[in-house]
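Report on one structure; see the data block that follows.
The values are calculated or read from the model by the stated rules, or taken from the named source; none is laboratory data. Remember, predicted model here, so these are calculated numbers, not experimental data. Ideal geometry is used to build each Cβ from the backbone, glycine not excepted, and the neighbour counts take in all protein chains shown. Accessible surface is based on the protein model in full, side chains and every heavy atom, while ligands, DNA and RNA are left aside. Shrake-Rupley method; radii C 1.70, N 1.55, O 1.52, S 1.80 Å.
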Amino acid sequence: MNSSGNTIFVAGSTSGIGLGMALRWAQRGNEVIVGGRREDQLAAIKRDHPEIDTVVIDVTDARSITEVTAKVVGDHPDLDMLVTMAGIMRVEDLRTPEFLPTSEAVIDTNVHGTVRLIAALTPHLMTRPKATIMTVSSGFGFVPWHVTPTYNATKAFVHSYTQSLRVQLSDTDVNVVELIPPAVRTPLLGQEDNLAFPSVEEYLDEVFALIDAQPEAHEIAVEGVRFYRDAEREGRYADVFAANVAFAV
Ligand SMILES: NC(=O)c1ccc[n+]([C@@H]2O[C@H](COP(=O)([O-])OP(=O)(O)OC[C@H]3O[C@@H](n4cnc5c(N)ncnc54)[C@H](OP(=O)(O)O)[C@@H]3O)[C@@H](O)[C@H]2O)c1
């Protein structure tokens, strides 16, 4: 993945990690399209960064994805990178059936959203001389936190799906990269003021250093997420799972 000269659609980048990456990519000379549901956020991004294009998209709505991705390709025929950033994380109490709508919403956003975006844009990306699909999983996709059960499972899905996608596209010019964030200070689960976690900028300093050092890497896993990412292969899974269980909200 080159870090300049691309045309990048970051689906789900009105705040947090996605917005931070979009701004850095724009600063590095990429054409960037920011997508999300919050029109006020999109308008503020457009006002502060007129060079960035913005689109309203809801990844839980199949029609929105079809229409918006067609518009993005129409307006930006050089599009050569998709980032499936949109995600939600919710606490669930599985002892009562009231968790079900929450679970369904998390699956619809994190799983169906990711798959629909990939379905909509892979044919176009395959026409480009060199292209990238970046998916977004999580440390909790590798070792779950019992408080957010569906979220963890959706991120395990993203990891698994990304591996298969990479193999299926291996004879094309589409590179498949998985971003595996640790806990970062964003509004995802109301942790934007939790100083125990790195800020978005601290996290992205490390992410972009990794991208620059290893542009062909399949996974972007900063030091802070290795505790989770490598737990199983290093024989630490049970200990890390127990540490997660000990951590309540
Ligand atoms: N921060 C962490 O600790 C952490 C750790 C591991 C993984 N991640 C992953 O990183 C990604 C970004 O999260 P974040 O931490 O930066 O949180 P965030 O600030 O809440 O960002 C989530 C983004 O997803 C978008 N989104 C949510 N539902 C959407 C929908 N239906 N359609 C379109 N866009 C939608 C939101 O935009 P709108 O609300 O405007 O639609 C927002 O821009 C997520 O996939 C998350 O799971 C984060």
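The residue list 71, 155 contains one member that is surrounded by fewer than 17 Cβ atoms within 10 Å (Cβ to Cβ) and among the basic types (Lys, Arg), which is 71.
Is one or more of the residues making up the range 122-138 under 23 Å from residue 182 (Cα atoms) and either assigned to a helix (DSSP H, G or I) or in contact with a Cys (Cβ under 8 Å, 6 or more places away or on another chain) (or both)?
Of the residues in the range 122-138, the ones under 23 Å from residue 182 (Cα atoms) are 132-138.
Imposing the further condition that a residue be either assigned to a helix (DSSP H, G or I) or in contact with a Cys (Cβ under 8 Å, 6 or more places away or on another chain) (or both) reduces the set to none.
Checking the range 122-138: not a single residue is under 23 Å from residue 182 (Cα atoms) and either assigned to a helix (DSSP H, G or I) or in contact with a Cys (Cβ under 8 Å, 6 or more places away or on another chain) (or both).
Screening residue 99 on (1) within 13 Å of the ligand (Cβ to nearest atom); (2) of a type in the set (Phe, Trp, Tyr); (3) part of a helix (DSSP H, G or I) shows it passes everything except condition (1).
Rundown of residues vs (1) over 25 Å from residue 241 (Cβ atoms); (2) within 14 Å of the ligand (Cβ to nearest atom); (3) modelled with pLDDT of 95 or more; (4) open to solvent by 60 Å² or more (accessible area, probe 1.4 Å), yes/no style:
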{"residue": "161", "(1), (2), (3), (4)": "no, yes, yes, yes"}
{"residue": "184", "(1), (2), (3), (4)": "no, yes, yes, no"}
{"residue": "202", "(1), (2), (3), (4)": "yes, yes, yes, yes"}
{"residue": "207", "(1), (2), (3), (4)": "yes, yes, yes, no"}
{"residue": "216", "(1), (2), (3), (4)": "yes, no, no, yes"}
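One residue stands out among those in the range 26-66 that are hydroxyl-bearing (Ser, Thr, Tyr) and in a helix (DSSP H, G or I): the one that is nearest to the ligand (Cβ to nearest atom), which is 64. List the pairs whose first member sits in the range 97-109 and is over 21 Å from residue 11 (Cα atoms) and open to solvent by less than 60 Å² (accessible area, probe 1.4 Å), whose second member is small (Gly, Ala, Ser) and more than 16 Å from the ligand (Cβ to nearest atom), and whose Cβ atoms are under 8 Å apart, counting only residues at least 6 apart or on separate chains? Listed pairs, sorted by first residue: none to list.
Return the only residue of 149, 123 being at pLDDT 95 or above and under 22 Å from residue 248 (Cα atoms).
Numbers: 123 fails: under 22 Å from residue 248 (Cα atoms).
Residue meeting the stated conditions: 149.
In the range 1-25, the qualifying residues are those that are surrounded by fewer than 23 Cβ atoms within 10 Å (Cβ to Cβ) and assigned to a loop (DSSP other than H, G, I, E, B), and the one that is nearest to the ligand (Cβ to nearest atom) is 15.
Within the group 203, 161, which residue is touching a Pro at 6+ places or on another chain (Cβ under 8 Å) and of a type in the set (Phe, Trp, Tyr)? Before the answer, list the steps.
Working: 161 fails: touching a Pro at 6+ places or on another chain (Cβ under 8 Å).
Exactly one residue qualifies, and that residue is 203.
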